[in-house]
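Values in this text are rule-based calculations from the coordinates and carry no lab data. Small disclaimer: the values here were computed from a predicted structure and weren't measured. Ideal geometry is used to build each Cβ from the backbone, glycine not excepted, and the neighbour counts take in all protein chains shown.
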Amino acid sequence: MTLLPSHGLAFGVLLLAHAAIRSPRADAASWAAAAADQAPYWARSLNLRATAHALARHGLATETETGIQPSEQLQMLAGLESSALQATARVLLAAAPPPWLPLAVRSATVVRDYVPAADLKTLAWLEPELDALLLDAAAQQRRADEDAWRERLGAAAEAAVLSALRQAGREAVQVSLISDAYGYDIEVCDPPTAQIEVKGVGPQTRGSFHLTRHEYETAQRRRGTWRLVQVVFHSSAFTAAVLGPAHVGEVLCLTPETLRDVVPEDTDAFVWEQSALITPPTTAWKAVDLKPAADFSAPGLRRRTVPHQQRRR
């Protein structure tokens with residue numbers, strides 16, 4: 001079952017949201033039955049059980065030991081009175097973007113020729129706000145894709161550093177897989193110990209990186225052992241399906257002392273709380289001899305593209 005928000009599907013999702021809020025349900029079947037009990041006569045034909053399974057499949061509900069747990073989005077929908085159906089459509093488009101969305105939304109414009117006629121008919125109840133909803137959904141999908149790509153870039157950089165450390169005989173643990181709370185990504189356990197925050201970049205963004213407040217404060221607490229290591233991948237890495245040692249170019253290092261000199265200063269009017277884009281002077285970076293092992297391999301950094309058969313000819 002897809003989550004393309006027809007009027008009936010949006011109403012069914014609202015019924016399920018209210019049923020989940022009233023009391024936990026053991027499973028999707030009892031959740032759907034509880035929602036059906038509250039449905040008006042005309043809605044009794046809705047397939048609420050299939051909708052419940054689809055919501056779980058797309059991360060809008062999870063099954064826990066205490067029963068079905070609705071996501072924050074579903075909880076929010078249950079609390080709305082006006083515009084609840086349209087808000088539900090917005091949540092569904094974000095959770096399960098239709099495959100034609102990247103084609104239909106180009107340069108902040110909706111090109112409806114790329115939307116299947118049947119889907120346009122399904123979505124017609126959202127007029128005259130349909131274009132605005134599709135633009136918002138496309139923007140959210142792009143942000144999600146960009147975030148996912150940055151995670152892949154960071155993971156590849158961490159894998160390269162970990163491979164190089166182990167190749168050099170060092171005992172190292174990738175603590176980023178345990179939690180973000182450490183304030184660094186890799187712990188070198190044998191003397192001399194080190195805490196390494198890893199940043200991955202390409203040739204065009206070499207020397208710049210985003211730093212969280214937590215990472216900065218960790219660096220200052222651990223000045224003697226914390227280091228920021230930047231892995232600069234060759235441009236070929238960004239079209240590759242699989243990375244190897246040859247895709248890793250420079251590996252650069254920055255100390256906490258240098259970091260302290262380039263981060264934004266807190267003032268009465270401005271307090272740096274989340275993250276900041278940091279661009280130290282070129283002279284602040286020091287090259288380090290960290291080379292991944294010959295068997296190093298990581299998923300490539302090729303961005304997702306529109307399938308060839310879907311492109312405009």
Of the trypsin sites (Lys or Arg not before Pro) in segment 1-84, those whose Cβ has at most 12 other Cβ within 10 Å and which sit in DSSP loop: Arg44
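Would you work out the charge dipole size for segment 38-191 about its Cα centre, treating the Cβ of every Lys and Arg as +1 and the Cβ of every Asp and Glu as -1, and quote it to the nearest 20 debye? Write down the numbers at each step before the final one.
Working: 13 positive and 20 negative charges, 119 e Å.
The dipole of segment 38-191 has a size of about 560 debye.
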Simple spin-label estimate for Thr239 and Glu65 in nanometres, 7 Å along Cα-Cβ: 5.2
Non-local amide H neighbours of Leu243 (under 5 Å, H modeled in plane, Pro and chain starts lacking H): which ones? Ala298, Gly300
Starting from the Cα of Lys199, draw a straight line to each of the lysines and keep only those under 17 Å, dropping any in the same chain fewer than 8 residues away. Lys286, Lys291
One would report the Cα pair-distance distribution of segment 1-137, bin width 5 Å, in %, as 2, 11, 21, 22, 18, 12, 8, 4, 1, 0
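Using a Förster distance of 25 angstrom, determine the FRET efficiency expected from the C-beta separation of Gln75 and Gln38, and round it to 0.05. Display every interim value, and only then the final one.
Numbers: r = 17 Å, r/R0 = 0.67.
E(calc), rounded to 0.05, equals 0.90.
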Test of understanding: ordering Ile21, Ile68 by Cβ neighbours within 10 Å, fewest first, what list do you get? Ile21, Ile68
Over the chain, calculate the relative contact order: mean separation of alpha carbon pairs under 8 Å at least 6 apart, over the residue count, as a percent. 14
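Tell me the relative contact order for segment 196-313 as a rounded percent, counting alpha carbon contacts under 8 Å between residues six or more apart. Working shown, then result.
On the way: 185 pairs, mean separation 38.7, N = 118.
Reported relative contact order: 33 percent.
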Going by C-beta contacts inside 10 Å, put Cys253, Cys189 in order with the fewest on the left. Cys189, Cys253
Positive end of the dipole of segment 181-275, charges at C-beta (+1 Lys, Arg; -1 Asp, Glu), about the Cα centre: which of Val262, Trp272, Ala240 has its Cα farthest in that direction? Ala240
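Where nothing but the Cβ of Lys and Arg (+1) and of Asp and Glu (-1) is charged, how large is the charge dipole of the chain around its Cα centre, in debye to the nearest 20? Could the numbers behind the result be given before it?
Details: 31 positive and 34 negative charges, 228 e Å.
The calculation lands at about 1100 debye.
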Based on the alpha-carbon set only, what is the convex hull volume of the chain divided per residue, in Å³? 203
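Would you mind getting me the FRET efficiency between Arg213 and Glu250? Use the beta-carbon distance for r and R0 = 22 Å, nearest 0.05. Show your work: numbers first, answer last.
Numbers: r = 27 Å, r/R0 = 1.23.
Here the calculated transfer efficiency is 0.20.
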Treating cross-link reach as a plain straight distance, find the aspartates and glutamates whose alpha-carbon is under 15 Å from the alpha-carbon of Lys121, omitting any fewer than eight places away in the same chain. Asp113, Glu129, Asp131
Going by how many other beta carbons lie within 10 Å of each one, how would you line up Thr2, Thr62, Thr218, fewest first? Thr62, Thr2, Thr218
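For segment 167-256, what Kirkwood radius comes out of the mean inverse Cα-Cα distance, in Å? Numbers along the way, then the final one.
Numbers: mean 1/r = 0.0709 Å⁻¹.
One over the average 1/r among Cα pairs gives 14.1 Å for segment 167-256.
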Among Leu130, Ala117, Ala104, which residue has its Cα furthest toward the positive end of the charge dipole of segment 104-155, with +1 on Lys/Arg Cβ and -1 on Asp/Glu Cβ? Ala104
Residues in segment 199-217 near a label at Glu151, defined as backbone nitrogen under 17 Å from the 7 Å Cα→Cβ point? 200
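Give me the dipole magnitude in Debye, nearest 20, for segment 1-96 about the Cα centre, with unit charges on the beta carbon: positive for Lys and Arg, negative for Asp and Glu.
Charge dipole of segment 1-96: 220 debye, to the nearest 20.
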